[in-house]
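To start, the structure itself, in structure tokens.
The values are calculated or read from the model by the stated rules, or taken from the named source; none is laboratory data. These figures come from a predicted structure and were not determined experimentally. With ideal geometry, Cβ positions are generated from the backbone for all residues, glycine too; neighbour counts draw on all protein chains shown. Each accessible area value is taken on the protein alone, full model and side chains, heavy atoms only, with ligands, DNA and RNA left out. Shrake-Rupley method; radii C 1.70, N 1.55, O 1.52, S 1.80 Å.
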Amino acid sequence: MPDVRLTGEPTQRAAFRVAFVHSFYSSEQPSGENTAVLDQVAALRAAGHEVHMVAAHTDTLQAEFGYTMRSGLRVATGRGRSPLAELRRFAPDIVHVHNLFPNFGTDWLERWPGPLVATLHNYRPACAAGTLFRDGKVCAKCPEGDRWAALRHACYRGSRRATLPLAWATRGGAAAHPLLRRADKLIVLSEYSREFYRRFSNSGGRLELVPNFFDAVQVNSSERSIAGESEVGSPWVFAGRLSEEKGILPLLRSWPQNESLDVIGSGPLESACRAAAPKKVKFLGGLPRAQLLGRLPHYTGLIFPSACPENAPVICREAVAAGLPVLALSGSSAAQDVLRHGTGAVYSGTDELSQALDAARETFPVLREHCFHVHASHFSAPSWVMRVEKVYARAVEEAVARQRGSVPGRHEGHAESIPPAD
């Protein structure tokens with residue numbers, strides 16, 4: 001194990017042996033979480049750390065007979081596929097859990113004796129949908145104590161049968177979730193997420209804010225020049241899943257007739273989106289990531305209309321890395337980031353969208369260099385590695401304290417409520 005002081009600060013920059021545990025979502029639904037995990041593995045390895053991925057892939061497993069039934073039972077009971085054998089063979093200094101749903105159980109967590117960190121990519125420990133979003137609004141009924149609201153509203157994939165295992169698993173709230181109880185440190189990706197988990201779990205002293213990064217696009221000098229001198233009238237871009245929580249349909253219904261917009265992505269609302277879109281909206285479908293990233297610097301700005309309190313949308317990191325400012329609907333973590341770092345603008349609703357677009361066309365060109373700077377200082381791979389190394393060191397300290405029977409922060413905080421959506 002790397003040499004660390006019990007303050008959590010490394011005595012020198014030492015290499016960790018890290019085991020990532022991640023259940024990969026199906027490729028049928030492109031996942032920013034999958035992308036972020038793979039990027040983090042690459043960043044840690046580039047920084048000299050030894051990283052081993054313990055993975056379960058839905059694409060492979062869902063072809064097995066009885067997969068749906070077994071995964072439902074695994075989610076409801078916590079019993080099922082365990083990474084323990086592979087972890088013991090690798091003997092990591094630290095285990096970093098990203099996602100266990102739906103292909104790993106949770107009952108192994110208490111049997112792993114070493115330091116363990118978890119990244120909370122979403123709100124699934126307290127919300128069956130994982131989004132805190134229902135019927136076009138933020139919804140906190142389940143974390144506020146209405147434990148069966150998710151089942152009544154069929155919050156997971158619109159199916160009560162699919163929702164039942166999740167509703168049962170989360171009936172005790174976030175504080176009772178096995179991963180939140182066990183982890184020595186919990187990484188959250190946004191201020192919104194940190195406040196949520198501070199309110200609804202007993203993990204206040206273990207929460208660490210480490211935003212996702214993006215470093216895959218390297219904008220050369222010619223691209224920076226083009227990006228900084230975008231032509232008057234160049235299109236805006238939306239990139240994401242065409243689904244309710246992304247806010248795409250209300251955006252298109254209020255989109256100004258004189259503004260050009262490229263819509264990149266696909267999803268269940270595609271037909272409705274095409275029917276609602278004005279003439280200057282183009283639908284490009286889902287694009288390979290490299291092609292999407294190559295297009296970003298040439299737009300006027302990224303439109304992020306999600307009313308859902310998303311944790312840390314990867315597309316917003318990708319846009320800022322490409323020097324592309326973001327126009328975000330207020331209420332999301334993306335909007336909070338935009339305001340905090342000055343990487344775009346925020347609008348409060350569709351009634352002021354046209355005015356916001358006009359103002360952004362004036363200000364966004366001068367924000368492009370600032371976006372490059374913010375990305376380099378806050379959302380690059382080196383900045384993320386530096387932060388996560390400190391979290392790992394503090395997790396070692398937490399594990400030592402746990403083994404001694406005195407764990408600071410395990411019982412800090414208490415459940416509070418956030419204003420209900422309806």
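Please identify the longest segment of the chain free of exposed GluC sites (Glu not before Pro), where exposed means a DSSP state other than H, G, I, E or B and no more than 15 other Cβ atoms within 10 Å.
Longest run free of exposed loop sites: 232-411.
Classify segment 225-370 from the C-alpha gyration tensor, please: rounded if a/c falls under 1.5, else prolate or oblate depending on whether a/b exceeds b/c.
rounded
Among all lysine pairs in the chain that are eight or more places apart or on different chains, how many have alpha carbons less than 29 angstrom apart?
Taking the chain as the scope, the lysine pair count is 10.
In a Debye calculation with equal point scatterers on the alpha-carbon sites of segment 247-295 and no solvent, what is log10 I(q)/I(0) at q = 0.15, 0.18 Å⁻¹?
With no solvent term, the Cα-only Debye profile gives -0.40, -0.56.
Given all pairs of different Cα atoms, what value in angstroms does the Kirkwood hydrodynamic radius of segment 269-343 take?
Here the Kirkwood hydrodynamic radius works out to 13.6 Å.
So what's the Cα pair-distance distribution over segment 14-54, bin width 10 Å, in %?
Per 10 Å bin, starting at zero, the Cα-Cα P(r) for segment 14-54 comes out as 29, 48, 20, 3 percent.
With n ≥ 4 as the cut-off for DSSP H runs, can you work out [θ] at 222 nm for the chain, using -39500 (n - 2.57) per run divided by the number of residues, rounded to the nearest 500?
Counting only the DSSP helices, I get -11500 deg cm²/dmol.
Along the Cα-to-Cβ line of A15, 7 Å from the Cα, sits a label point; which residues in segment 113-150 have backbone N less than 20 Å from it?
none
I'd like the FRET efficiency for N258 and L38, computed as 1/(1 + (r/R0)^6) with the beta carbon distance as r and R0 of 51 Å, rounded to 0.05.
0.80
Just the number, please: carbon plus sulfur as a percent of the accessible area of the chain, 1.4 Å probe, no ligands or DNA/RNA counted.
So the carbon and sulfur contribution to the accessible surface is 52 percent.
In whole angstrom, how long is each semi-axis of the equivalent ellipsoid of segment 50-141, when you take the square root of 5 times every eigenvalue of its Cα gyration tensor and sort them from largest down?
The answer is 26, 18, 12 Å, longest axis first.
Accessible area per residue for the chain in Å², computed with a 1.4 Å probe and the full protein assembly in place, what is it?
43
Taking a label point 7 Å from the Cα of A275 along the Cα→Cβ vector, which residues of segment 237-257 have an amide N closer than 19 Å to it?
The answer is 242-255.
Non-local amide H neighbours of G344 (under 5 Å, H modeled in plane, Pro and chain starts lacking H): which ones?
V326
Looking at the chain from every direction and averaging, what is the projected area of its Cα convex hull in nm²?
20.1
Just to be sure I understand the curve: with the Debye formula and one point per C-alpha of segment 11-95, what is log10 I(q)/I(0) at q = 0.21, 0.22, 0.23 Å⁻¹?
-1.10, -1.15, -1.19
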